[in-house]
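K.L.:
Can you keep this structure in mind? I'll have questions shortly.
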Amino acid sequence: MKHIINPSRRRFFAQTGAGLLAYAVLPSWLQAMEGMGEMPKMAPNKASPNFHADVEIDLLCKPSTVSILPGQPTRVQQYFAKLVKGPANTLTEIPGSYLGPVLRFEKGQKIRINLSSELDEPTITHWHGLHVPALMDGHPLYAIDKGQSFVYEFEMLNRASMNIYHPHPHNATASQVYHGLVGAILVNDEEERRLELPDGEYEIPIVIQDKLFDAQNQLIYAGHMRDRMMGFYGDRILVNGRPDFSLDVASRAYRFRILNGSTARIYKLAWEDNSPITVIGTDGGLLETPVHKPYVMLAPGERLDVWADFSGRNIGSQLVMRSRSFSGVLPKMAERMMGGGMGGMHGKTLPVGSDYPIFSVKVTRQVSDSPALPGKLSTYKHYQISDTANPIKPVPIAISEGPMAMRLNGRPYAYNDVLPSERIPFNTLQLMEIFHTHGGHGGMGMMGGMKHGGDQQMGGMGMMGGMGGGMGMMMSMAHPIHMHGQSFQIISRTLEMSGGEDYASVKDGFIEGGLKDTLLVMPGESVKVIKPFQDFKGLFMYHCHNLEHEDMGMMRDFLIE
Ligand code: C2O
Ligand code: CU
Ligand code: CU
């Protein structure tokens, strides 16, 4: 899509400092002039002399090449970071990987990140999971061009947790993440430190992705409408950017910090020997107590903190983490057509929901000492429905699926299209409900957008398709719904129709407790969550973290005011 904006208007907003909020509340005649959905460009943020950073990082996005498979190196897009100021352990490179270095921060730190780009397309970086001001959140309005830079300044308010940094430009998030622009953020705090969890060489980040390579080892990415509708699926699993990932360990406990960095693929993680997975944390940090699961579902954008204890295992013993078989996350129509999932149409196959290895662990060192799993991990306040500002009127997040469109609240993404239900009073706790609608795509409101660009056009067709309810059911699929800003708590998951075998194949893999920012919503499921909207006003996105869906417009903004 073209970015066309009258330069004098752009300057007007920059000079008056009216900024982001001005756009959200533009009078309607001005909005009409802008054209719905066209993304204006805001002036990049500059360093503030009053912000005294404890940590400062230069972060560069640029095209690069990396050897992934034997033979020819692969062209990728990559984050490069340089520590300007702060503790030496702030940056940890992952050797031989296209992934960005692991960024390690401490709660309370003041952080400045100077992002610059050498990409030939707009980009902007988002700190997935971090609670930062709207201006610092990587909204696509702030995308920068080649040669430009954007300065982020924020204080780390998050508790100890694993988070993600990745691009968030309009309509191009998936492709940039797929081509390599993603990295892990680890936040530490006092509460976590007291537990003396495995750290240093015993704390291992594990970023799981799937890719598709051509015969010259180059990445193939989605072109088809089908790839956008279902999400794009590769046939090679990479961990930390490496194929056939294998880890040598000592016979003791480890902490695996797992992140699903795929654009669409959902995993059902399980140890091959059927020993339970011990989960100590999720997206927003540590659970109150460890939980033991036969398997864990991990959707794009979700994180998992796993206690992996190899003590008592002999040298030479091996353990494999697999994705086990499951069904029901893709539309029935597609599952039938593809013989059990996507991944089959490029000649090779790795269907979603098939059974395949992800990485292996090999015990190569015997040690006598290993830390014990703490019984109590953390405390956090449990939100009650009675604490919310809207106990009987949850904020709706309606998922709708049409043959050519995936939508939230019936409308495609537009930066200047906040619905009344998307205006959230500042400093409140909100009850929210995520659910599926079938048939009916939110009325005529979106007709206005139909004449601009391909995406709106698809929205229009989706609306028509969605009208025939039966079709809607056939299109129903799982969506990892992500909300920017503070983490939420899950209050209830309800299945509105019988889920049958499909649901049975995934239902024991959800972590109920803890703090979340990304949540896999299965077909027919309705989920209630409570989310705080504190500290910062402005526009905060929520979207499907199936990144192909996000880019086709399955994204909206909340305006906190
Ligand atoms: Cu991980 Cu809005 O993104
Ligand atoms: Cu995010
Ligand atoms: Cu989706």
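The values are calculated or read from the model by the stated rules, or taken from the named source; none is laboratory data. Given the structure is predicted, the values throughout are model-derived calculations rather than measurements. Glycine gets a Cβ as well: all are built from the backbone with ideal geometry, and neighbour counts include every protein chain shown. Please note that ligands, DNA and RNA were not included when accessible areas were found on the heavy atoms of the full protein model with its side chains. Shrake-Rupley method; radii C 1.70, N 1.55, O 1.52, S 1.80 Å.
K.L.:
Run through all the Cα pairs of segment 122-201 and give the fraction in each 10 Å bin from 0, expressed as whole percent.
P.N.:
Over segment 122-201, the share of Cα pairs per 10 Å bin runs 17, 43, 26, 13, 2 percent.
K.L.:
Additional query: Which percent of the accessible heavy-atom area of segment 35-127 goes to carbon and sulfur, probe 1.4 angstrom?
P.N.:
54
K.L.:
Sticking with this structure for a sec: Could you check how much of the accessible area of segment 491-542 is carbon and sulfur, as a whole percent, using a 1.4 Å probe?
P.N.:
Whole-percent figure for carbon plus sulfur exposure: 48.
K.L.:
Around Glu272, with a cut-off of 14 angstrom between Cβ atoms, what is the net charge of the other residues, counting Lys and Arg +1 and Asp and Glu -1?
P.N.:
Computed value for this residue: +3.
K.L.:
Something else about it: Around Leu119, which amide H atoms from residues at least 5 apart in sequence, or from another chain, sit under 5 Å from its own amide H, with H modelled in the peptide plane?
P.N.:
The list, which skips near neighbours in sequence, is Gly147.
K.L.:
Name the aspartates and glutamates eligible as straight-distance cross-link partners of Lys82: C-alpha to C-alpha under 20 Å, and not fewer than 8 places from it in the same chain.
P.N.:
Asp54, Glu56, Asp58, Glu93, Glu106, Glu118, Glu153, Glu155
K.L.:
Could you please report the charge total around Gly485, scoring K, R as +1 and D, E as -1 over all other residues with beta-carbon less than 14 angstrom from its beta-carbon?
P.N.:
-3
K.L.:
Here is a follow-up. What is the set of long-range amide H partners of Asp355 at a cut-off below 5 Å, with H atoms built 1.01 Å from backbone N?
P.N.:
Excluding prolines and chain starts, which carry no amide H, there are no hits.
K.L.:
Return the sequence-ordered ³J(HN,Hα) values of segment 141-155 in whole Hz as given by the Karplus equation 6.51 cos²θ - 1.76 cosθ + 1.60 applied to θ = phi - 60°, using x for Gly and Pro.
P.N.:
My calculation for segment 141-155 gives 4, 9, 4, 10, 9, 3, x, 8, 9, 9, 9, 9, 9, 7, 9 Hz in order.
K.L.:
Another question about this same structure. Quick one: accessible area per residue over segment 140-266, 1.4 Å probe, rounded to a whole number of Å²?
P.N.:
Averaged over the residues of segment 140-266, the accessible area is 28 Å².
K.L.:
Considering amide H positions built from the backbone, and no H for Pro or chain starts, which residues 5 or more places from Thr263, or on another chain, come under 5 Å of its amide H?
P.N.:
Asp210
K.L.:
Add +1 for every Lys or Arg and -1 for every Asp or Glu among the other residues with Cβ under 14 Å from the Cβ of Gly513, and state the total.
P.N.:
+1
K.L.:
Could you tell me what percent of the accessible area of segment 135-279 is made up of carbon and sulfur, with a 1.4 Å probe and every protein chain present?
P.N.:
Solvent-exposed carbon and sulfur of segment 135-279 make up 45 percent of the total.
K.L.:
In addition: Report, largest value first, the span of the C-alpha coordinates of segment 509-553 along each principal axis, in whole Å.
P.N.:
33, 31, 15
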